[in-house]
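S.K.: Below you'll find the structure I mean.
The values are calculated or read from the model by the stated rules, or taken from the named source; none is laboratory data. Not measured: the values here are computed from a predicted model. Positions of Cβ are generated from backbone atoms using ideal geometry, with glycine treated the same way; all protein chains shown enter the neighbour counts. The protein model used for the area step is the full one, side chains on, heavy atoms only, and it has no ligands, DNA or RNA in it. Shrake-Rupley method; radii C 1.70, N 1.55, O 1.52, S 1.80 Å.
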Amino acid sequence: KMKRPDERVLRQSMLFQASQVFLDILTVPPMLVTICSWRLYFFLKIFPLDPQKSLGRKFKKVRLQFWKEAVRFAADIPVILMFILLCSLGLLCPWRLRQVFLEMNEIRNRYNTYLQNQNAKMDLEDCQTEIRYLIIQKFICMLVDMLVGIFALVILISVWRVPFFINKVKILKKKGHLSPSYKEAWRAVFKQFALLFVDIIMLILTLIIVVTLWRIPPLLRKVRKHAKYEENEKEDDDDDEDDDENIPAPVIISSCQYQNDSDKNSIIPTDIQSVQKTNFDEQEMH
C-alpha cells in the first residue's frame, strides 16, 4: 500500500504533467509559425541551452521562445509591407529611402560593436526593435511628404499664396530651422494651404461687399489706413536702423584734471567747467 503523502505527491505530479501537455498543445501553432518562417533563424539563437538548468526549465524556455517569435512574426508582417511600399515609392521620396538605409547601417554597426564588446548596451532584440520603429517612422514621414507635395501643388496652382510660402521658407532657412525631418517645411505648407481656404472665404465676403455698394467706401478707408500704418511702421524701423548705425563711438574720459586743489571736491571736471564758462560768456556778449 502507498502512504497517503505519496498519493498526494502522485496526484500533484499527474496534474502538473497534464498541464504541461496542455501548454505543449497550445505551443504547436506558434511553433509551426516559427519553423516555417524567417523567425527560425532568430529562434536558434537561444541554443545551446544552459546545461545547469533542469529539463522542465529548458522546455519552459523553448515554449516561451516560440511564443515570442510568433508575436515578432506578427509584428514583422506590417513592417515588411511598409518597407516594400517605401522601396516602391522611393522614386517619389528618394531622400526618405536614403535615410532608411543610412540609419539601418548605423544600427548594424552598433550591433557589430555589441558583438565585439559585450559591455555595449544592445542585443539582437533591441536591434530588431529599432529597425521596426525606423521603418514605421520613415513610412509615416513618406506619407506626410506625399500629402505635403499635393498641398504644395495646390498652393502653386493658386499663384497668390506662392510668394508668402517662398518668403516663409527663406526665413526658416535663414534661421536654420529647416531640420532634416522637414517638419518646419511641413508646417509652412499646411499653414499656407489652410490660409488658401481662408482667402477663398474672404474673397466670397468681398464679393458680397462689392455687390452691396454702400459698404465699399468704409472698406477702402480701412484698407488704406492699414496700408499707411504698415508703411509708417516700416519707415520707423528703417530710421531706427539708420540711427543705430550713425551713433558715434562713446567718448571715454580716462582721467579728469581739476583746476586747483580747492576744486577736488567738485563733481564737474575741468573740461566741462571750461565749456560751461565759455557758453556763459557768449550769452553775456549777446
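S.K.: Would you mention how many residues in the stretch 123-154 are under 25 Å from Val71 (Cα atoms) and either under 24 Å from the mean Cα position of the chain (by Cα) or buried (at least 17 other Cβ atoms within 10 Å of the Cβ) (or both)?
M.R.: 15
S.K.: Moving on. Among the residues of the stretch 57-78 satisfying the criterion of being more than 23 Å from Cys127 (Cβ to Cβ) and in contact (Cβ under 8 Å) with a residue 12 or more places away in the chain, which is surrounded by the most Cβ atoms within 10 Å (Cβ to Cβ)?
M.R.: Going through the qualifying residues, I end up with Arg63.
S.K.: Which residue, of Phe73, Phe83, Phe66, is modelled with pLDDT of 85 or more and over 30 Å from Ile25 (Cβ atoms)?
M.R.: That would be Phe83, the only listed residue that is modelled with pLDDT of 85 or more and over 30 Å from Ile25 (Cβ atoms).
S.K.: Looking only at helices (runs of 4 or more DSSP H) that fall completely inside the stretch 144-246, which ones have 3 or more residues that are at pLDDT below 80, closer than 26 Å to Gln99 by Cα and out of contact with any Phe, Trp or Tyr (no Cβ under 7 Å at 6 or more places or on another chain)?
M.R.: Once the helices (runs of 4 or more DSSP H) in the stretch 144-246 are filtered for at least 3 residues that are at pLDDT below 80, closer than 26 Å to Gln99 by Cα and out of contact with any Phe, Trp or Tyr (no Cβ under 7 Å at 6 or more places or on another chain), what remains is 162-175, 183-212.
S.K.: Okay, next question. Return a yes/no flag: does the stretch 47-54 have any residue that is more than 22 Å from Glu125 (Cα to Cα), at pLDDT below 85 and surrounded by 11 or more Cβ atoms within 10 Å (Cβ to Cβ).
M.R.: Yes: the stretch 47-54 contains one or more residues that are more than 22 Å from Glu125 (Cα to Cα), at pLDDT below 85 and surrounded by 11 or more Cβ atoms within 10 Å (Cβ to Cβ).
S.K.: Being in contact (Cβ under 8 Å) with a residue 12 or more places away in the chain and not β-branched (Val, Ile, Thr) is the filter here, so list the residues in the stretch 150-170 that pass it.
M.R.: If the condition is that a residue be in contact (Cβ under 8 Å) with a residue 12 or more places away in the chain and not β-branched (Val, Ile, Thr), then Phe151, Ala152, Ser158, Trp160, Arg161, Phe164, Phe165, Lys168 are the ones that fit.
S.K.: Of the residues in the stretch 86-95, how many are at pLDDT below 85, part of a helix (DSSP H, G or I) and crowded, with 17+ Cβ neighbours inside 10 Å?
M.R.: The qualifying residues number 1.
S.K.: With in contact (Cβ under 8 Å) with a residue 12 or more places away in the chain and within 24 Å of Asp145 (Cα to Cα) as the only criterion, which of Phe42, Phe83 stands out?
M.R.: Just one listed residue meets the conditions, Phe83.
S.K.: Testing Ser37 on (1) of a type in the set (S, T, N, Q); (2) open to solvent by less than 60 Å² (accessible area, probe 1.4 Å); (3) part of a helix (DSSP H, G or I), one condition comes back false. Which one is that?
M.R.: (3)
S.K.: Then there is this: Would a scan of the stretch 97-112 turn up a residue that is over 30 Å from Ile46 (Cβ atoms), of a type in the set (A, V, I, L, M, F, W, C) and buried (at least 17 other Cβ atoms within 10 Å of the Cβ)?
M.R.: yes
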